[in-house]
1. Using only the Cα atoms of the range A:50-277, each taken as one equal point scatterer with no solvent, compute I(q) by the Debye sum, divide by I(0), and report log10 of the ratio at q = 0.12, 0.17 Å⁻¹.
2. Nearest 20 debye, what's the magnitude of the dipole of the protein assembly as shown about its Cα centre given +1 on Lys and Arg Cβ and -1 on Asp and Glu Cβ?
3. Which links in B:Lys129/B:Lys194; A:Lys10/B:Lys13; A:Lys156/A:Lys217; B:Lys53/B:Lys75; A:Lys117/B:Lys75 stretch past 21 Å when you go from one Cα to the other?
4. Just flag the trypsin sites (Lys or Arg not before Pro) in the range A:38-128 sitting in loop per DSSP whose Cβ has no more than 11 other Cβ atoms within 10 Å.
5. Considering every residue in B:89-95, what mean count of other chain Cβ atoms within 10 Å of its Cβ is obtained?
6. Do you know the relative contact order of chain A, to the nearest whole percent, from alpha carbon pairs under 8 angstrom that are 6+ apart?
7. Arranged from highest to lowest average of other beta-carbon atoms within 10 Å per residue, in what order do the peptides B:312-319, B:324-331 appear?
8. With both partners inside chain B, how many of the DSSP beta bridges are antiparallel, as a percent to the nearest 5?
Amino acid sequence: MAEQNDRMLKVIRPGADRIGVEFSRLREYRELLFFLVWRDLKVRYKQTALGVTWAVLQPLATMVVFSVVFGRLAKIPSDGVPYPIFAYCALVPWQMFAFALTESSNSMMQNQYLISKIYFPRLIVPLTPVFTAMVDFLLAFALLIAMMPFYGVVPKLTILLLPVFLLLVVLTSFAVGVWVSALTAEYRDIRYTIPFLVQSWMFVTPIAYPSSLVPQKWRMLYGLNPMTSVVEGFRWVLLGTPAPPLMPMLVSGLAVVVILCGGVMHFRRLESTFADVL
Amino acid sequence: MSENAIRASGIGKQYRLSYHPPYKTFREAVARFASAPWRSVRSAPEEHFWALKDVSFEIKQGQAVGIIGRNGAGKSTLLKILAQITGPTEGIVYLWGRVGSLLEVGVGFHPELTGRENIYLNGALLGMKKAEIARKFDEIVAFAEVEKFLDTQVKHYSSGMFVRLGFSIAAHLETEILFVDEVLSVGDLAFQEKCLGKMQNVASSGRTVIFVSHNLMAIEALCQHVIWLERGAVMAEGRPGAIASRYLESVRSFRMETLHEEPQSAPGNEIIRLRRASVRPATHSDAQITTHTSILMEFELWVLAAGARLSFEVQLYNAYGIRVLFTGLFDARSYPEGLVRISARIPGDLLNTGIYRIEFFVLDSAEFPLWTSAELLTFEVADSLDLRNGYLGEWPGAVRANVQWTTEIPE
């Protein structure tokens with residue numbers, strides 16, 4: 001009898017469970033997250049002819065194009081470091097963000113069959129692309145480290161701050177991904193706007209140019225885009241470019257928290273209807 | 001001893017009526033907002049219907065419970081709510097114990113991955129831990145009979161192998177509560193028997209199992225308790241035999257007889273009018289028609305034009321719309337004015353189980369139709385239940401003749 005009283009009790013009622021309950025479920029299902037990430041990576045690398053090299057080739061090719069167009073032809077300044085590594089250092093975290101954003105917009109449709117047939121914490125769906133993007137990121141990042149001595153860049157002690165900016169790019173990717181995945185489930189046509197969104201976002205992020213080109217009075221507003229701080233932070237701690245001002249950085253941090261909390265709340269409000277609308 | 005495993009009270013589920021697709025488009029939302037920004041974006045009039053309304057029940061721990069009902073009665077919606085795939089609009093459910101569900105086999109199988117990889121992926125989707133899957137791995141593979149193809153990509157599997165593997169993984173879930181939707185009809189005959197056996201083991205192992213099925217025979221064999229849903233509400237619950245027969249009675253609204261007392265209002269024309277038509281067993285007229293039964297059809301007509309030369313024809317259609325039988329009396333005999341009764345007898349051991357429709361033709365001497373009725377009568381042939389050797393699934397085939405089999409060993 002005692003054993004029966006210990007039985008786990010699960011309560012189903014309209015609306016979402018408390019966020020704490022959801023987090024403990026996410027922990028319970030962490031192996032599923034692992035398997036889904038592993039599935040997506042395996043299938044992707046199996047299906048592309050270039051396999052794993054694709055993860056590195058993409059930012060590398062973009063770097064070459066940027067160096068020719070913006071570095072050589074447009075003569076855009078690069079904060080005193082060689083332009084190629086200046087661009088590549090920004091492209092590495094940017095690719096992660098762009099990939100997570102694009103994949104999140106497809107994730108609900110791709111997994112609609114699972115969602116309509118099986119229970120699992122739905123937040124796993126937008127979490128998966130963030131983790132798969134991280135694997136590509138690591139490969140591209142390894143190449144960045146290998147390229148640094150070639151361009152004569154020696155990292156200083158500031159490199160210890162790298163985890164802060166890593167965390168920032170991961171949180172930004174997830175925060176935007178969770179919004180996009182819920183919105184694509186709710187509105188079918190959102191998906192088609194994503195490539196345009198990614199492209200525009202890239203130009204409001206200082207990837208091809210240094211943020212010092214942006215007038216001082218706009219810097220706070222510019223900080224609302226967390227990717228600005230990610231890119232500036234990466235250049236600062238890895239390439240030794242001048243330290244970015246603190247205030248816009250804090251604005252970015254705050255923006256991420258707001259986008260993330262709003263996104264998770266929005267997602268969870270719709271969560272119980274995903275199986276009906278997909 | 002008899003503690004609750006599930007208690008549901010007042011569950012309701014409301015859906016938007018789907019004139020338009022269930023999803024919205026952002027373009028519409030923007031357009032609506034632009035045309036009337038002072039109104040809320042969500043205020044567009046929508047029609048709703050309740051797929052489930054005020055459903056309450058309790059299921060004891062260790063019980064095997066069947067949920068029956070017609071298509072659209074809410075069975076699958078109820079199961080989806082219990083399995084947490086979709087949320088209820090109102091009401092509350094308490095579940096004591098770990099929950100697993102088997103709503104469809106092989107969900108989440110990825111064609112590019114091998115059998116081995118898919119076992120782990122699918123197991124994780126069903127809520128199994130990696131260690132648990134590893135422990136059950138050999139058992140799962142053996143049950144599915146795919147040992148040789150473990151490292152083959154699933155896209156190269158036959159459909160039989162695919163469902164066997166899918167079922168096998170789910171069947172090895174060891175949750176205290178298990179939801180099973182219409183999965184006993186997967187795979188070939190031999191595998192269905194194996195599935196049923198496995199489900200019988202699960203049901204008798206002290207775990208709580210909820211089955212949803214159209215197959216009343218399987219439900220009766222597996223369950224101790226049945227819940228009957230009708231238009232989103234619980235119609236009745238209780239012992240399987242009693243509930244199943246009440247359910248069957250309600251479903252069987254066949255027209256096995258039609259009678260018109262007044263010639264003026266009877267269907268027909270100036271040559272003939274129909275008085276009565278009936279279909280029933282040839283011998284014990286109030287018994288059920290089974291696959292063994294010889295069936296008697298009778299038609300009574302008033303002949304209004306003396307000396308009319310008439311032929312008669314019956315076409316029998318099954319529920320799939322297949323014309324199973326074409327028969328007639330084509331002698332174009334001349335009939336006097338007044339009542340005439342025509343009888344036709346279909347031999348037993350011919351029709352398979354299912355619902356049949358009788359199309360009746362009265363023809364003139366040139367075999368031109370004088371009068372027809374596309375659905376004069378309907379009736380159902382029930383299963384005779386013998387000769388099945390324990391198999392409970394649907395018996396395939398358009399007909400069910402009593403075929404004589406012999407074996408011999410020639411020297």
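1. So the normalised log intensities work out to -0.67, -1.22.
2. Rounded to the nearest 20 debye, it is 2960 debye.
3. Pairs exceeding the cut-off: B:Lys129/B:Lys194; A:Lys156/A:Lys217.
4. A:Lys75
5. Mean inter-chain Cβ contacts per residue within 10 Å come to 4.
6. 26 percent
7. The packing order, highest mean first, is B:312-319, B:324-331.
8. Antiparallel bridges: around 80 percent, rounded to the nearest 5.
Throughout, read-outs are computed from the coordinates displayed, never taken from laboratory work. For clarity, every value in this text was computed on a predicted model and none was experimentally measured. Here Cβ is always computed from backbone atoms with ideal geometry, including for glycine, and neighbour counts include all displayed protein chains.
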